[in-house]
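Structure first, commentary second.
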Amino acid sequence: MMKMRLAVWVSVLSLGSAVQAKSFDEVVAFCEDCHGKGGVSQESDIPTIAGFSTFAISDILFAYQDESRSAISSEFRNGDKTRPETNMNEISNELSEEQIEQLAKHFASKKFVPSKQPFDPDLAKNGAKIHKVQCTKCHEDGGTSRDDDVGLLAGQWTPYLRTALKNFRNDKRETEPKMLKLVKKLDGGEIESLLNYWASQQ
């Protein structure tokens, strides 16, 4: 594992896509180049992270760091767009434990802003019922609660959530066994209903 991390570190530095900022404000700005000002994403394939609990954000970053959670490479959406593509595994490997905790507290202090996006009212109504039965145990209050420490679903970008669920079902993204079993039991219609329900909470 140590050799793998060293290899990733060297690779990232050679590409020039790593977090090379010297101050905390610069590290925050680096994050915002994809996740948007204050962690409110304007890109439908990138999640809003503002308002997540401190634990949820730090847990996600540590998961990327030890590569128990894989990431998709992407180009920068703001700032210097000529920088090479990067991903959260590479970025998190450059962060110290202290920086991760600081970033978690920073973005947790920001207000979550629901994404304005289309949804089907009928599917959303059905999705509300499915969420209540299948998802409430971990994602309370319709997916709006940050106290459950697993991120926010309500108002999150639909394309991002759809990709996340697809990766769960295809074993490309790890999660708790109970959740994985539940996600795999949902059929396509149920997933679309859930996505429309979460999108309806604007």
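The values are calculated or read from the model by the stated rules, or taken from the named source; none is laboratory data. This one's a predicted model, so the numbers in the text were calculated from it and none came from an experiment. Every residue, glycine among them, receives a Cβ derived from its backbone with ideal geometry; neighbour counts consider all protein chains shown. Note: areas computed on protein heavy atoms with side chains; ligands, DNA, RNA excluded. Shrake-Rupley method; radii C 1.70, N 1.55, O 1.52, S 1.80 Å.
From the list Glu26, Glu101, which residue is charged (D, E, K, R), farther than 24 Å from Asp148 by Cα and out of contact with any Phe, Trp or Tyr (no Cβ under 7 Å at 6 or more places or on another chain)? Write out each step before concluding.
Values: Glu101 fails: farther than 24 Å from Asp148 by Cα.
On inspection, the qualifying residue turns out to be Glu26.
Given the criteria out of contact with any Leu (no Cβ under 7 Å at 6 or more places or on another chain), touching a residue at least 60 places away in the same chain (Cβ under 8 Å) and more than 16 Å from His139 (Cβ to Cβ), does Pro159 qualify? So that I can check it myself, show each step before the final result.
On the way: out of contact with any Leu (no Cβ under 7 Å at 6 or more places or on another chain): yes; touching a residue at least 60 places away in the same chain (Cβ under 8 Å): yes; more than 16 Å from His139 (Cβ to Cβ): yes.
The answer is yes for Pro159.
If you check Lys81 against the conditions, is it of a type in the set (Lys, Arg) and over 27 Å from Phe55 (Cα atoms)? Steps first, answer last, please.
Numbers: of a type in the set (Lys, Arg): yes; over 27 Å from Phe55 (Cα atoms): yes.
Answer is yes for this residue.
Scan the stretch 129-149 and report the pairs whose first residue is of a type in the set (Ser, Thr, Tyr) and whose second residue is open to solvent by 60 Å² or more (accessible area, probe 1.4 Å) and not in a loop (DSSP other than H, G, I, E, B), with Cβ atoms within less than 8 Å and a gap of 6+ or a chain change.
Listed by first residue and then by second, the contacts come to nothing, as the list is empty.
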